[in-house]
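This report refers to the structure that appears directly beneath it.
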Amino acid sequence: MNSFLSEKFSSIIMIILGIIALLFPMISTETIGFISGIVIILLAAAFIVAGIAELIITKYFGLIYLIFAVLCMIFAYYLIFDPTFVSGVIGLMIYLFGIMLVVLGILLFFTGPIGIVGIVTILYGFLTLILGYFLNDPKILGTVIGIWLLIAGIMSLFTGKDKDYVDV
């Protein structure tokens, strides 16, 4: 398959997944939780191996690795089996990002050469905080994922090697 067809194929797949996520928003939230949970389980496995290896050298660091492994396993369990936990974690991350944007905007407003950049950053931070509030609902999170996939798929359909690059 040449490059052009593979680009269009991935765009169509994103559009189809976006439509599925819009029709069944909980499935997309559960999928994100499942994939994230598997990654965290792999991290826990690495902590277990490192902890056992470290126990030979020093018990304290080995024990810390093993405690982190247990915490990762508990976190992974909730990510895999509780979609509301997934949306809560994502909402919390977006809240933190919004707070950082507001703080950055304030700093830019008072220290930057152009005050409008700070104001725009503060406004974007507040919009991010509002988005974080709504993403605490797994259905809304799934809908946002579906909209993002749909828009990204449509945008990537109209880009190519000779056109502007769109990162999705």
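Does region 32-168 come out rounded, prolate or oblate, given a ≥ b ≥ c as the square roots of the eigenvalues of its C-alpha gyration tensor, rounded meaning a/c under 1.5 and, failing that, prolate meaning a/b above b/c? Verdict is prolate for region 32-168. The distance linking region 1-64 with region 81-109 is 21 Å (Cα centroid to Cα centroid, whole angstrom). Rank GLY33, GLY88, GLY51 by mean-square fluctuation in a GNM of the chain with C-alpha springs under 10 angstrom and give only the top-ranked residue. Sorting by GNM fluctuation, first place goes to GLY51. Each Lys and Arg adds +1 at its Cβ and each Asp and Glu adds -1 at its Cβ; summed about the Cα centre, the chain shows a dipole of about 40 debye.
Compute the FRET efficiency between PHE126 and ILE38 as 1/(1 + (r/R0)^6), taking r as their Cβ-Cβ distance and R0 = 41 Å, and round to the nearest 0.05. E between PHE126 and ILE38, to the nearest 0.05, is 0.75.
Any read-out appearing in this document is the output of simple, stated calculations on the displayed coordinates, not a laboratory observation. Owing to the predicted nature of the structure, the values given are computational and were not obtained by experimental measurement. Quick reminder, even Gly has a Cβ in these numbers, built from the backbone with ideal geometry, and neighbours come from all protein chains shown.
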